[in-house]
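Written out below as structure tokens is the structure these notes cover.
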Amino acid sequence: MPRALRHAHIIGCREPLIHRLVPALIHEMGDHYPELSAARALIVETLRLEETRFKQTLDRGLRLLEEETGRLADAAPLSGDVAFRLYDTFGFPLDLTQDVLRGQGRAVDVAGFNAAMDEQRRKARDAWAGSGEAATERLWFELRETVGATEFLGYDTEIAEAQVLAIVSGDARVEEAGTGASVQIIVNQTPFYGESGGQVGDAGALFGESVEVEISDTLKKIGDLFVHVGVVTKGVLKTGLGVELRVDHERRSAIRANHSATHLLHAALRRRLGEHVSQKGSLVTPDRLRFDISHPAALSADDLAAIEVEVNARVRANVAVATRLMTPDDARAEGAMALFGEKYGDEVRVVSMGGGDPSCGKQALFSIELCGGTHVRRTGDIGVLKVVGESAVAAGVRRIEAVTGGGAQSWLAERDRLLMEAAATLRVAPAELPVRVAALVDERRRLEREVADLRRQVAMGGGGSATDAPREIQGVRFLTRQLEGIPAKDLKGMADELKKQLGSGVVALTGVMDGKASLVIGVTDDLVGRFSAVELVKVGAAALGGKGGGGRPDMAQAGGPDANQAAAAIEAIAAALGS
């Protein structure tokens with residue numbers, strides 16, 4: 001694609017074009033790769049966005065490449081460090097750099113490029129190895145080989161008996177752990193869900209003979225090894241001990257509600273926005289859910305409201321959530337959604353909800369997805385869904401945040417409290433609050449305009465410590481004002497007015513507010529050839545303890561932290577005019 005875009009750039013094509021070839025691609029390859037047809041809209045939009053971004057990369061990279069080759073002798077190779085900088089900083093691939101230079105009869109120092117790449121990888125490896133993760137991960141591999149996979153029972157129960165197979169404390173395996181020890185426990189079977197697929201791990205407790213462990217999290221290592229993270233709160237935990245594991249029911253119920261809500265949300269988003277919408281990530285916790293989707297633009301308030309209404313209608317229908325084990329091909333034939341590019345085993349778990357009996361066919365269902373998480377038994381168990389946020393997380397990816405059940409109730413109660421507090425402050429009924437706030441905003445804007453007009457009148461009429469009349473410096477009229485309590489944004493308009501009054505000359509205004517000084521310089525058009533407002537404002541800014549300043553030759557602005565030097569700044573500008 002980069003090469004194609006460069007050649008399109010060479011022949012003068014300035015608009016994205018590769019995305020237009022998707023229909024031809026699907027016609028040729030769709031029989032072999034049916035996911036191309038299913039994801040057509042997403043592929044087209046993704047390619048268009050990638051082309052647009054890469055054209056910007058291409059323009060920046062070609063400019064830098066032109067600058068670097070301009071310093072080289074004829075036919076001299078490009079430094080590997082420069083080629084790597086193009087790749088690492090600007091996303092300019094090595095083969096594209098080589099392709100560009102080939103036309104100039106130049107080569108790239110590939111050995112130098114590879115050396116720079118290896119150095120970057122070495123630094124990354126050192127940083128990772130230094131975190132202590134490498135040794136721990138090796139330990140999980142060894143334990144998986146020794147004790148085998150953990151059998152998960154959590155779809156059907158929240159309480160189960162098990163045997164402790166291994167205990168890890170710190171980064172080492174131990175045979176026992178006493179009260180107060182932080183441990184990671186592996187058992188032969190568990191009702192605890194291990195963090196995966198965006199769903200957080202379960203918490204709860206482990207009980208054995210004269211021993212108790214508070215489980216704060218459950219992780220999944222090496223695919224099927226469940227690790228229970230906790231603290232021994234009573235007794236001594238030993239390898240081989242028979243124990244009972246109990247999942248925190250309320251926490252699990254909240255997680256189930258949020259996870260099932262993400263499925264309904266996904267289906268509602270696709271219905272509202274289009275079939276190009278697909279899951280790009282999710283987070284399911286007891287308190288909230290977060291769902292990332294492929295979509296090129298922000299969702300409108302109407303979109304969010306409609307999606308929320310759709311999901312809650314499915315929640316109120318209170319239909320059963322069905323789970324079946326199927327082959328991946330049979331699941332897709334049923335219309336099950338899967339993560340694009342995700343690898344699945346010979347058997348997958350298919351979760352369907354929002355419709356009638358799955359035996360009635362996929363048309364009766366609102367949502368059907370491949371999912372290994374835990375879910376509610378009926379949609380009504382979700383309670384209610386409330387969307388609380390929508391934002392961008394990456395190019396072409398939007399994030400929806402929502403709460404359900406008790407979390408939604410708490411969120412709404414807090415919003416109601418804030419509404420009542422605001423209404424009480426303004427001494428109106430809650431229903432009258434929007435009108436009252438709008439009136440206050442209008443009143444504030446009117447007062448701000450009046451204040452700005454008064455400030456302008458003060459400035460136009462003098463009122464500062466400087467003499468109202470302009471002074472003359474080597475035949476140039478120099479009008480100054482030192483103003484207190486004037487915002488920087490108002491100074492330019494005042495300078496324009498004073499330039500008109502002055503006719504010909506230079507205007508210098510200083511405004512002091514909150515202990516800081518702002519400076520504006522205006523030069524009338526007839527004097528722009530002799531004096532630059534930008535150069536004059538830099539002189540004044542230095543006196544104020546600031547740096548630089550910018551604008552146009554006829555109008556420039558700067559500032560500084562030392563408001564006590566406002567008069568000194570004016571005199572420095574006067575000196576520059578006289579030099």
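The values are calculated or read from the model by the stated rules, or taken from the named source; none is laboratory data. Here the structure is a predicted model, which is why all the values come from computation and not from measurement. Cβ atoms come from the backbone with ideal geometry, glycine included; neighbour counts cover every protein chain shown. For the accessible areas, the whole protein counts, side chains as well, though only heavy atoms, and no ligand, DNA or RNA atoms are used. Shrake-Rupley method; radii C 1.70, N 1.55, O 1.52, S 1.80 Å.
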So, counting K/R as plus one and D/E as minus one, what does the shell of residues with Cβ under 13 Å around Ala572 add up to?
-2
Whole-percent carbon and sulfur contribution to the accessible surface of the chain (1.4 Å, no ligands, DNA or RNA) stands at 51 percent
Can you check what the net charge comes to around Ala8, using other residues whose Cβ is under 10 Å from the Cβ of Ala8 (Lys, Arg +1; Asp, Glu -1)?
+2
For the range 84-229, what's the relative contact order in percent, using C-alpha pairs closer than 8 Å and at least 6 residues apart?
17 percent
Averaged per residue, what accessible surface does the chain expose to a 1.4 Å probe, in Å²?
52 Å²
Overall dimensions of the chain by Cα: Rg and Dmax, Å:
34.1, 101
Express as a percent, rounded to the nearest 5, the fraction of DSSP beta bridges in the range 184-269 (both residues included) that run antiparallel.
95 percent
Past 30 Å, Cα to Cα: identify those pairs from Lys123/Lys220; Lys499/Lys547; Lys55/Lys538; Lys499/Lys538, in the order given.
Lys55/Lys538
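Normalising by the residue count of the range 511-579, find the relative contact order in percent from Cα pairs under 8 Å and 6+ residues apart. Please list the in-between numbers first.
Details: 142 pairs, mean separation 24.0, N = 69.
Computed over the range 511-579, the figure is 35 percent.
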Sorted by mean Cβ packing within 10 Å, highest first, what order do the peptides 90-96, 264-270 take?
264-270, 90-96
A correct Karplus calculation of ³J(HN,Hα) over the range 482-493, with 6.51 cos²θ - 1.76 cosθ + 1.60, θ = phi - 60°, whole Hz and x for Gly and Pro, returns 10, 10, 9, x, 9, x, 4, 5, 8, 5, 4, x
Please determine, in degrees from 0 to 90 and to the nearest 10, the orientation of helix 249-273 with respect to the longest principal axis defined by the Cα atoms of the chain, where the helix direction is its Cα long axis.
60 degrees
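If we count every other residue with Cβ under 12 angstrom of Asp99's Cβ, Lys/Arg +1 and Asp/Glu -1, where does the sum land?
+3
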Counting only DSSP beta bridges fully inside the chain, the antiparallel percentage to nearest 5 is 85 percent
